[in-house]
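Please treat every number below as a calculation from the coordinates, not as lab data. This structure is a prediction, so every number in the text was calculated from the model and none was measured. Cβ atoms come from the backbone with ideal geometry, glycine included; neighbour counts cover every protein chain shown.
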Amino acid sequence: MGGIIVQLVISWLLVWLVEKGDLRCLGFFPTRKRMGDFALFFLITAACAALGYLLRMWIAKQSWQLNPRLDALLIGKGVWFVLKSVLFEELIFRGVILYLLIKKAGPAWGILITSAAFGIYHWFSHELWGKPVQMAFEFFTSGAMGVVLAYGYYKTKSLYVPLAIHLAWNLVVMVIFSGDTIGGQLFTEILPRPLVTVSWFSFLAMLLVPLLSCLLINGWVLKKYKVVNQ
């Protein structure tokens, strides 16, 4: 949590030095509209992320069970880890830097630059350096997600939408279905996996349909929003 506080201090200092502004540019203050947006995009994204696991159950016959070691403290730690990591990344990639880039270079350049940086960042956070195929795939997927997250900030001038999308995706993957980053959480996969032969089309569907549905649906909803002026 200390790192997030440092980020906020640096963010305030940066926006104050550049234009004598403050952290209101991040749209932190809760309003009914912002809370409604948060709920909407959270639910859309959670459904898209869960779709990936439904496809894996249907196509690859994988299955999950309630974690036999489940307790409130375990889930609390998982949720707290996800919340901290999401806040950390959003303050870097959709925070004051994106705000200033949009003002100085325009929204298109601001969104593209921060999204490319978001994709590159995941090379290191996922320890992919030196693996060209994985690096290219990660750059595409994380960068594409970064575009939608940055577009959400641009349209609403608030971090509520990117936070909702980012948080929902990570909670489903890491906490509900026990992603590799933090291990066993709510549901754990039943191993060994069944030996099922799937086509490349089915494999790509399991891999890409959840992400593409998340990007397309959230992007389509955001396109209907009017740009908020700060």
Taking the alpha-carbon centroid of each part, what is the distance from the stretch 68-90 to the stretch 24-51 in angstrom? 18 Å
Would you mind calculating the relative contact order of the stretch 37-223 from Cα pairs under 8 angstrom and at least 6 residues apart, reporting the percent as a whole number? 39 percent
What does the helix-only formula give at 222 nm for the chain: each DSSP H stretch with n ≥ 4 adding -39500 (n - 2.57), the total divided by the residues, and the result rounded to the nearest 500 deg cm²/dmol? -23500 deg cm²/dmol
Cα point-scatterer Debye curve for the chain, base-10 log of I(q)/I(0) at q = 0.18 Å⁻¹: -1.47
Ordering 55-68, 115-128 by per-residue average of other C-beta atoms within 10 angstrom, highest first, gives 115-128, 55-68
Could you tell me the distance between the Cα centroids of the stretch 120-192 and the stretch 3-21, to the nearest Å? 25 Å
For the chain, with +1 on Lys and Arg beta carbons and -1 on Asp and Glu, the positive-most of 66, 186, 43 along the dipole: 43
Lysines whose Cα lies under 18 Å from that of residue 33, excluding same-chain neighbours fewer than 8 positions away: 155, 157, 223, 224, 226
Whichever lysines have a C-alpha closer than 22 Å to that of residue 131, once near sequence neighbours (fewer than 8 apart) are set aside: none
Most fluctuating residue of 76, 184, 27 in a GNM of the chain with Cα springs under 10 Å: which is it? 76
Cα gyration tensor of the stretch 152-191 - equivalent ellipsoid semi-axes, whole Å, descending: 29, 7, 6
How would you order 100-112, 191-203 from highest to lowest mean count of nearby Cβ atoms within 10 Å? 100-112, 191-203
Give the list, by residue number, of cysteines in the chain with no other Cys Cβ closer than 4.7 Å, or say none. 25
Students often forget the sequence filter, so: which aspartates and glutamates lie under 13 Å Cα-Cα from residue 103 once same-chain residues fewer than 8 apart are removed? 19
Max mean-square fluctuation residue, GNM over the chain, Cα-Cα springs under 10 Å, options 186, 13, 211: 13
